[in-house]
Amino acid sequence: MVQNIHFDPVRLPRETQTLREEVREFLAEEIAAGTFNPQRESGGGFDREFSQKVGAKGWIGLTWPKKYGGHERSFLERYVVTEEFRVANAPTRGHFVADRQSGPVLMKYANEEICMDVLPRICSGTCCFCIGMSEPGSGSDLFAAKTKAEKSGDGWRINGTKVWTSSAHYADYMIGLFRTSPPAQDNRRHGLTQFLVDMTLPGITVNPVLQMNGDHEFNEVVFEDVSIPGTFVLGEVDMAWKQATSELAYERSGPERFLETFYVLVGLVRLLGENPDLRGAEGIGRLVAQLHTLRRMSVSVNGMLQAGKEPVLEGSIVKDLGTLWEQALPAKARDLAAFSDPQTANRISFEELLEYATMIAPKLTIQGGSTEILRGIIARGLGLR
Ligand SMILES: Cc1cc2nc3c(=O)[nH]c(=O)nc-3n(C[C@H](O)[C@H](O)[C@H](O)COP(=O)(O)OP(=O)(O)OC[C@H]3O[C@@H](n4cnc5c(N)ncnc54)[C@H](O)[C@@H]3O)c2cc1C
């Protein structure tokens with residue numbers, strides 16, 4: 001189907017400013033108390049106590065119904081909270097995935113009993129989720145997944161391996177994509193089902209996979225005869241191809257998709273000082289203008305979500321442009337800083353920031369959908385393939 005690319009001209013409403021100030025004040029207090037270092041961690045670390053404080057503030061499940069512990073506020077208010085946490089590099093791993101995508105999936109596809117049990121725990125910051133989609137041999141092509149769920153009495157028995165599973169070593173639950181039937185002849189995407197998985201079940205083994213900088217962010221998760229109750233099926237059996245793709249739309253549209261190396265830009269501005277040379281001033285101006293444009297596009301996507309639209313194509317464009325921008329930032333900043341005074345103290349901390357950002361940069365255009373896959377989606381939306 002040919003779609004036009006359309007970005008509604010959305011602005012953050014004035015009311016969001018008060019919320020932004022509250023969030024900034026909270027984060028400044030936490031930084032001052034030594035809870036986290038805003039110049040470290042890629043995409044925020046894991047800190048259950050911190051997540052609980054965020055939950056107590058009412059900033060998890062911000063848009064969700066009150067009956068599930070949510071706060072019935074707008075997507076644009078959630079945008080502001082996400083932006084402030086990401087810019088500060090706050091440790092949000094304990095709640096961010098559940099808040100962004102697992103909770104909305106449960107609200108759509110889980111039964112009421114599960115929603116009433118799990119969603120309030122997510123909102124209080126006490127329940128961490130991971131996403132079990134990728135497998136060895138099935139990353140971009142999710143529909144090649146082989147990990148099997150076979151009927152066993154009233155429930156299901158799971159066998160197989162997931163990989164690159166972020167936060168599985170902390171998570172209380174996974175939303176997993178498992179094969180329940182072979183692909184159909186006329187639809188190779190048929191035959192996969194989404195399940196809620198309690199990560200404490202016997203038969204689940206989580207093995208660490210380290211990043212090249214030594215960080216432990218993702219894992220291999222092995223399932224050996226894991227028994228899951230029938231009530232933990234999410235949505236329709238064999239029909240996950242529709243559900244998993246709507247989950248990806250939540251995953252791709254937020255400010256976290258271009259702010260993961262933002263601290264490098266802040267470091268560069270500090271390093272070049274109040275009177276940068278012409279080259280430095282022009283370079284910073286260019287980066288800030290690009291960032292501003294990305295932000296306008298991302299706010300627009302969130303405004304469209306708020307209006308009940310499904311901006312899948314526009315979300316993919318923001319993710320593609322955003323991750324390329326944040327990935328290129330460390331090299332551009334190094335280039336612009338090349339002629340600055342190497343003696344300053346700022347220079348040393350800037351080099352540390354650069355080293356860290358350079359090491360994590362390769363993953364940015366892979367996680368959440370690789371550049372090539374996003375461009376395929378965009379091309380299809382434009383009727384080019
Ligand atoms: C930091 C990080 C965290 C992650 N967290 C999770 C997680 O929590 N849960 C989870 O399930 N997964 C997670 N992933 C996995 C991620 O979704 C996959 O790595 C990604 O989908 C790519 O799959 P792959 O690694 O199997 O590569 P492949 O799919 O084998 O791709 C290899 C290369 O081929 C290209 N390619 C593949 N197919 C096509 C095509 N049809 N057309 C053009 N080019 C193509 C890709 O763009 C890529 O460059 C994470 C990955 C990273 C880096």
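The values are calculated or read from the model by the stated rules, or taken from the named source; none is laboratory data. What you see is a predicted model; the values in this text were computed from it and never measured. Backbone-built Cβ (ideal geometry, glycine too); neighbour counts: all protein chains shown. All accessible areas refer to the heavy atoms of the entire protein, side chains included, with ligands and DNA or RNA removed. Shrake-Rupley method; radii C 1.70, N 1.55, O 1.52, S 1.80 Å.
The value obtained for the chain, namely the Cα convex hull volume divided by the number of residues, is 147 Å³ per residue. Accessible surface comparison of 99, 335, probe 1.4 Å, protein chains only, largest first: the order is 335, 99. Classified by the C-alpha gyration tensor, segment 162-229 has an oblate form. Its axis ratio a/c, with a ≥ b ≥ c, is 1.5 or above, and a/b does not exceed b/c. A crude spin-label estimate for the pair residue 278 and residue 71, with each label 7 Å from Cα along the Cβ direction, gives 4.9 nm. With R₀ set to 35 Å, the beta-carbon distance separating residue 212 from residue 116 gives a calculated FRET efficiency near 0.25.
Among rounded, prolate and oblate, which fits segment 126-241 when a ≥ b ≥ c are the square roots of the eigenvalues of its C-alpha gyration tensor, a/c under 1.5 means rounded, and a/b larger than b/c means prolate? Present the calculation step by step, with values, prior to reporting the outcome.
On the way: a/c = 2.06, a/b = 1.35, b/c = 1.53.
Judged from the Cα gyration tensor, segment 126-241 comes out oblate (a/c at least 1.5, b/c at or above a/b).
By how many nm would the segment from residue 385 to residue 338 grow when fully extended, if each residue of separation counts as 0.36 nm and the alpha-carbon distance is taken off?
Values: separation 47, 0.36 × 47 = 16.92 nm, distance 4.30 nm.
Contour length minus Cα-Cα distance gives 12.6 nm.
Between residue 296 and residue 152, the FRET efficiency from the beta-carbon distance, with R0 = 51 Å, is close to 0.50. For the chain, modelled as a GNM whose springs connect Cα atoms under 10 angstrom apart, the maximal fluctuation among 14, 86, 24 occurs at 14.
Over the chain, what percent of the accessible surface lies on carbon and sulfur atoms, probe 1.4 Å? Answer for the chain: carbon and sulfur cover 53 percent of the accessible area.
Ignoring everything except DSSP H segments at least 4 long, calculate the 222 nm mean residue ellipticity for the chain; use -39,500 (n - 2.57) per segment, divide by total residues, nearest 500.
Numbers: 11 runs with 170 residues, N = 385.
Computed mean residue ellipticity for the chain: -14500 deg cm²/dmol.
Can you give the net charge of the other residues whose Cβ lies under 13 Å from the Cβ of residue 121, counting K and R as +1 and D and E as -1? Neighbour charge sum, excluding residue 121 itself: -3. Please compute the modelled spin-label separation between residue 231 and residue 170, points set 7 Å along Cα→Cβ, answer in nm with one decimal. If labels sit at residue 170 and residue 231, their model points lie 2.9 nm apart.
Across the protein chains, with a 1.4 Å probe defining accessible surface, the residues 180, 205, 261 rank 205, 180, 261 from largest area downward.
For segment 65-146, the square roots a ≥ b ≥ c of the C-alpha gyration tensor eigenvalues yield an a/c of 1.5 or more together with a/b not exceeding b/c, which makes the shape oblate.
Result for the chain in a Gaussian network model with C-alpha springs under 10 Å: among 84, 274, 135, the largest mean-square fluctuation is at 274. Within the chain, helices built from complete DSSP H runs that reach 24 Å or longer along their own axis (Cα positions) and carry a mean Kyte-Doolittle hydropathy of -1.0 or higher are 15-32, 278-306, 312-337, 345-364.
For segment 90-193, with every protein chain kept in place, what is the accessible area per residue (1.4 Å probe, Å²)? Write down the numbers at each step before the final one.
Numbers: 4010 Å² over 104 residues.
Heavy-atom SASA per residue in segment 90-193 reads 39 Å².
Label-to-label distance for residue 22 and residue 366 is 4.0 nm, based on points extended 7 Å past Cα in the beta-carbon direction. You can think of it this way: the chain between residue 359 and residue 331 has 9.0 nm of extra reach, that is 0.36 nm per residue less the Cα-Cα gap. Just checking the listed ones, 141, 117, 154: in the Gaussian network model of the chain with Cα springs under 10 Å, the one fluctuating most is 154.
Amide H to amide H, with H built 1.01 Å from N, residue 94 comes under 5 Å of 47, counting only residues 5 or more places away or on other chains.
What does the accessible area per residue of segment 228-385 come to in Å², with a 1.4 Å probe and no ligands, DNA or RNA counted? It would help to have the intermediate numbers written out before the result.
On the way: 7130 Å² over 158 residues.
Solvent-accessible surface per residue comes out at 45 Å².
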